[in-house]
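The values are calculated or read from the model by the stated rules, or taken from the named source; none is laboratory data. Quick caveat: nothing in here was measured; it's all calculated off a predicted structure. Please note: Cβ atoms are built from the backbone with ideal geometry, for glycine as well, and neighbour counts cover all protein chains shown.
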Amino acid sequence: MFCLLLNRVHFIRDTGLTSRTLSRSRAEFCEILAIRTLRENGNSVLDLTITLTTSWPVYSGANPNLISQAEQNRGNLEDKVGNAIEMAILSKAKNFIKASSCQRVINAIWRFVSRLLLVVHLLTDVH
């Protein structure tokens, strides 16, 4: 999932005059594959959450030339990690984010954060 969406980010950022149309098609294809993969593995909210939120090194397996160029521009790359939801947001993969399986994970995360904030609020409100 992460790799498909990371590739989508790469293809979306292509600004070449002759390759932009092909890259857009590739980006859409990556999104479609990610949605289908998500649906196939969408039996458990826990499995979905792990799949969508596991952090991966962004530059793992990248071309050495790309890595050296990125290190010059951004510094140390070892702590550059991302997850599938972040890549979907970066690439504006609206159909992926709107998919029911992805929405279940986003809603579960939101409920968890809301409950956590409520507990923190109650604990700090002790008189």
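Of the helices (runs of 4 or more DSSP H) lying entirely inside segment 80-127, not one contains at least 3 residues that are touching a Lys or Arg at 6+ places or on another chain (Cβ under 6 Å) and more than 15 Å from residue 30 (Cβ to Cβ). Scanning segment 42-79 for residues that are free of Cβ contacts under 8 Å to residues at least 24 places away in the same chain, surrounded by 12 or more Cβ atoms within 10 Å (Cβ to Cβ), not in a helix (DSSP H, G or I) and not aromatic (Phe, Trp, Tyr) returns 60, 62, 77. Would you check if there is a residue in segment 110-123 being among the basic types (Lys, Arg), over 18 Å from residue 2 (Cα atoms) and within 20 Å of the chain's Cα centre (by Cα)? Yes, there is a match, as at least one residue in segment 110-123 is among the basic types (Lys, Arg), over 18 Å from residue 2 (Cα atoms) and within 20 Å of the chain's Cα centre (by Cα).
Yes/no matrix, rows are residues, columns are (1) charged (D, E, K, R); (2) under 26 Å from residue 14 (Cβ atoms):
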position: 41; (1), (2): no, no
position: 57; (1), (2): no, yes
position: 61; (1), (2): no, yes
position: 67; (1), (2): no, yes
position: 81; (1), (2): no, yes
position: 90; (1), (2): no, yes
position: 104; (1), (2): yes, no
position: 107; (1), (2): no, no
position: 111; (1), (2): yes, no
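From the list 29, 2, which residue is over 14 Å from the mean Cα position of the chain (by Cα) and either among the aromatic types (Phe, Trp, Tyr) or crowded, with 17+ Cβ neighbours inside 10 Å (or both)? Testing whether each residue is over 14 Å from the mean Cα position of the chain (by Cα) and either among the aromatic types (Phe, Trp, Tyr) or crowded, with 17+ Cβ neighbours inside 10 Å (or both) leaves just 29.
Taken over segment 33-51, the residue count meeting the criterion of being of a type in the set (Val, Ile, Thr) and either under 18 Å from residue 108 (Cβ atoms) or modelled with pLDDT of 95 or more (or both) is 4.
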